[in-house]
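Asks: This is the structure I want to talk about, given as structure tokens.
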Amino acid sequence: MKHRRSGLAGGLVLAACTLSSALQAATLCVSKNPNSACPYSTITAAVNAASPGDVIQVSQGIYHEDVVIGKAISLIGANRSNTIIDATGLPNGIYVDGLHNPGLQAVFISGITVQNANYEGILLTNTSYGAVQDTLVTGANRSLNTGNLTCPGIPSFETAEDFDCGEGIHLSGVDHEVIASNIVENNAGGILLSDDTGETHDNLIMNNLVQDNPFDCGITLASHPLAGPVGPQPTAAGVDHNTILGNIARRNGRQLPGAGAGVGLFSPAPFTKTFGNVVVNNTLMDNGLPGVSMHAHSAGANLNDNMIAGNTISGNGADTEDTFTPGPTGINVSGGDDGMGNPVAVISGTVVAGNTIQQESIAVAAKTNAVTPVHLNNFINVMTGVDNLASGGLVGAKLNWWGCAQGPGAPGCANTVGSNILTLPFLTKPF
């Protein structure tokens, strides 16, 4: 258990430590200009020379590198419009490697474009308390085989990622990171949080523009088997208690049927767990799968206690395969299918509230033998407000705006499909 010191003494200790660290930090500069006074012409050379706490200032230019960071430094570009890491022919653009540097914390990256990596644009493993801000990540998909969605993978755990290989920004085994105000576009997928190398938890993904990533979701939270030898039974560390806030995810996952949602939360196997996450105040538009897709494909998969709230969702696609929905869908909460129309996973604790869902055939679809609360949402220009695809589940759909003051099923209002849907009372004006 961690203990927090309180009172004035604790505050003075913290202030002293912070001041000491700041006084010891140095700034190293990198420049491609041979006439520059900067001692380093490559970012890698500056990283190798840096001490923990140092700041590396990168001048404008194109740097053909795969930058590997294993110490607590800040990597700051002059401007993402002209400070470019071009990783053509290389595994990743930037790799924050806490996997081989245990205890890595406080790596900060800002003001850089990362392009053309074979696998991931920016990869973070087993690190904490840092940030990636104001970057542009594009073209991270060069080794993805789009014919069979396979990937050779470097580091080796990427090999099992299939079309998750080629993400703009990938977090694995990461906690308390802030990924904010980045543009992530034209990669295989956008931003991925997974647990291949450890639990990924308590991260904030905020105010990013994630668009036109054709083979995967805009933002993915997916639990995977732990990489490496873990004993006779497969295990997963978990993707949990992350916050997806204020992002725009549009036109992702449209290259192949079922390729990607605006935000996807996935627990595919009995031992996987993606739980306790919050998806709030995002704009999710024109993605290949529903705006929010929640998939649990096996009994025992943990996709519980996730909150989907305050999002604006429109123009997305239908879900596919065992998470099938009968038309374009805003939010789908699916426990898979046993081949006879019944869910195989129980998804409990989901909250769907305060969303505005429009221009979809179905606003919210649910397929789980549990209660799914769906409250205070606005259903606008949708045919079906709630579709309960599981006869054993209950959808509590009270206090929603169904598109007209007369309530569900009235002329001009959205209707319901399926049984066990509670709709009274309903709102008589939009929430």
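Every number in this text was worked out from the coordinates using simple rules, so none of it is lab data. Source: prediction; values computed, not measured. Here Cβ is always computed from backbone atoms with ideal geometry, including for glycine, and neighbour counts include all displayed protein chains.
Asks: Of all DSSP beta bridges in the chain, what percent run antiparallel (nearest 5)?
Replies: About 0 percent, rounded to the nearest 5.
Asks: Related question: Whole angstrom only: what separates the Cα centroid of segment 341-359 from the Cα centroid of segment 381-417?
Replies: Result: 13 Å between the Cα centres.
Asks: Follow-up. Can you pick out the pairs among 367/429; 273/398; 367/398 whose Cα atoms lie more than 20 Å from each other?
Replies: From the list (367/429; 273/398; 367/398), the Cα-Cα distance tops 20 Å for 367/429; 273/398.
Asks: Using the per-residue mean of other Cβ atoms lying within 10 Å as a proxy for protection, in what order, highest first, do the peptides 256-269, 301-314 fall?
Replies: 256-269, 301-314
Asks: Compute the long axis of helix 7-24 from its Cα atoms, compare it with the longest principal axis of the Cα atoms of the chain, and write down the angle in degrees, 0 to 90, nearest 10.
Replies: 50 degrees
Asks: Choose one of 297, 261, 93: the residue whose Cα lies farthest towards the positive end of the charge dipole of segment 52-422 (beta-carbon charges +1 Lys, Arg; -1 Asp, Glu; about the Cα centre).
Replies: The listed residue farthest towards the positive side: 261.
Asks: Name the aspartates and glutamates eligible as straight-distance cross-link partners of residue 71: C-alpha to C-alpha under 17 Å, and not fewer than 8 places from it in the same chain.
Replies: 54, 97, 175, 177
Asks: Same structure again: Using a simple charge model, +1 on the beta-carbon of Lys and Arg, -1 on the beta-carbon of Asp and Glu, nothing else, what dipole does segment 52-422 show about its Cα centre, in debye to the nearest 20?
Replies: Computed charge dipole of segment 52-422: roughly 800 debye.
Asks: Which value, in Å to one decimal place, does the Kirkwood hydrodynamic radius take for segment 52-422 when every pair of different Cα atoms is included?
Replies: 20.3 Å
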